[in-house]
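One structure is given below, encoded as structure tokens.
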Amino acid sequence: MSRLSLVPTPIGNLGDITARALEVLRAADAVAAEDTRRSGFLLAHFGIRARLERLDAHTMDARAPALLQRYEHLAFVTDAGTPGISDPGAELVKRAVAMGVAVEVLPGATAFVPALVLSCLPTARFTFEGFLPRKGSDRQRRLQAIASSTATSVLYEAPVRLGATLAQLAEACGPDRPASVSRELTKRFETTLRGSLHELAARIAEQGVKGEVVVVIAPAEAAPERAPAAETAAALAGAGVRGARLRSALEALGVPRNEAYAAALDHPE
């Protein structure tokens, strides 16, 4: 049975490649890569003489089926990190599964996990947003979703768009929402900036940034739990607030109108 192996490659420091990744790259019949020159340098560094095949977002439709049929064991690498995360790897997996090709995904390097941990923001629950839409209503919806999310949000952004994105996040989430910006992870000039979205937007606008960037945004504060309408109504009724006045008081406290009406019926004047 044919096999496809998705092989993570270092996001910067070449020492982060795993022994298993090297083993699979050496054993594969061919290595498909987004950029054969970049991947060729990586393979040469580790003394791997593999047949390289170009396979990127632009050639996926034309080349993927033939490559999956031609090679009994095809390895796939992207420019950096784990294939399938914000790159053509996800599409390749769908095609392989549809063709009945066995798929294995090796664990390894990815940028958003170290950035999340370095942010000092909550890590128990988080959403990975990838790259936001460039403009329009889709972008606004995603920004609003991040603003209201009660989980930490992680996204990738290009350096040239980072300042504008931080400014828009500050507008959507509020200027004081904590966040972090990590760049060039595992590389010589690795940097993580922490602060409010307003502070980070101002700093990036003034200083600029280079290299690959990961932005982490703190979650929205969870809304305080509201006491059940019946419980609140009983307490107010005990204090002499009943009937229509009780209904009005419940609505003023945020109880939905139909619930306030039903609760007030249990405590007439």
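The values are calculated or read from the model by the stated rules, or taken from the named source; none is laboratory data. The structure presented is a predicted model; accordingly, all values stated were derived computationally and were not measured. Cβ coordinates were reconstructed from backbone atoms using ideal geometry, including for glycine residues, and neighbour counts include every protein chain displayed.
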What's the total number of residues in segment 150-177 that are among the polar types (S, T, N, Q) and either out of contact with any strand residue (DSSP E or B) (no Cβ under 6 Å at 6 or more places or on another chain) or farther than 20 Å from Pro122 by Cβ (or both)? 3
Pairs needed: first member in segment 128-143, more than 14 Å from Ala164 (Cα to Cα); second member anywhere, assigned to a helix (DSSP H, G or I); C-beta distance under 7 Å; at least 6 residues apart or different chains. Phe128/Phe112; Glu129/Arg142; Glu129/Ile146
Determine, yes or no, whether Ala244 is in a helix (DSSP H, G or I) and at pLDDT below 85. no
Segment 96-131, residues that are buried (at least 17 other Cβ atoms within 10 Å of the Cβ) and of a type in the set (Asp, Glu): Glu129
Can you name every residue in segment 159-212 that is without any contact (Cβ under 8 Å) to a residue 60 or more places away in the chain, basic (Lys, Arg) and assigned to a strand (DSSP E or B)? Arg183
Considering segment 246-263 alone, what residues qualify as being farther than 12 Å from Glu231 by Cα and either not assigned by TED's automatic domain parsing to the domain that holds Ala233 or not charged (D, E, K, R) (or both)? Leu246, Ser248, Ala249, Ala252, Leu253, Gly254, Pro256, Asn258, Tyr261, Ala262
